[in-house]
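The values are calculated or read from the model by the stated rules, or taken from the named source; none is laboratory data. What you see is a predicted model; the values in this text were computed from it and never measured. Just so you know, the surface numbers come from the protein's heavy atoms only, side chains and all, with ligands and any DNA or RNA stripped out. Shrake-Rupley method; radii C 1.70, N 1.55, O 1.52, S 1.80 Å.
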Amino acid sequence: MARTRTGFVRRRRHKKVLKMTKGQWGTRSKNFKRANEAMMRSLWYAYRDRRQRRRQLRRLWIQRINAAARMNGMKYSQLMHGLKQADVSLDRKSLASLAVRDADTFSKVVDVARQRL
């Protein structure tokens, strides 16, 4: 059986990795071995940080809702419990948006929650 060489397949793989690490410092964008290490690490960071961004945004929304709820004389936990009792299905993202952009509507939502408690 004839010997198979990896000529163009290897070159294609190397070019793909070097293209992904373009703009990195030093040999991380020139040397395939270092570039491959940098690429693997950067892809792992991207995967991990997509999940961390969701966590951080949820924390931010809760802080905004809590601040606006306290301005209306209510705690965050009481507000969420009241909204659940009133069958109001607003998620935290939209509540935070209301709290920041439309304080009057948010105060009406707080009143709905307060009536159900």
Quiz item: If ligands, DNA and RNA are left out, what is the accessible area of V112 with a 1.4 Å probe, given in Å² to the nearest 10?
Solution: 60 Å²
Exercise. Mind counting lysine pairs for me in the chain? Cα separation below 16 Å, and the two need to be 8 or more apart along the chain or on different chains.
Key: 12
Quiz item: Heavy-atom accessible area of R51 with all protein chains present, probe 1.4 Å, nearest 10 Å²?
Solution: 100 Å²
Quiz item: Which label marks the calculated value of volume of the Cα convex hull per residue in Å³, given the options (1) 115; (2) 176; (3) 159?
Solution: (2)
Quiz item: Accessible area of S89, 1.4 Å probe, to the nearest 10 Å²?
Solution: 110 Å²
Practice problem: Kindly sort T4, T21, T27 by accessible area of their heavy atoms, largest first, with the probe set to 1.4 Å. | Solution: T4, T27, T21
Quiz item: Among G82, G26, G73, which one shows the biggest mean-square fluctuation in a GNM of the chain, springs joining Cα atoms closer than 10 Å?
Solution: G26
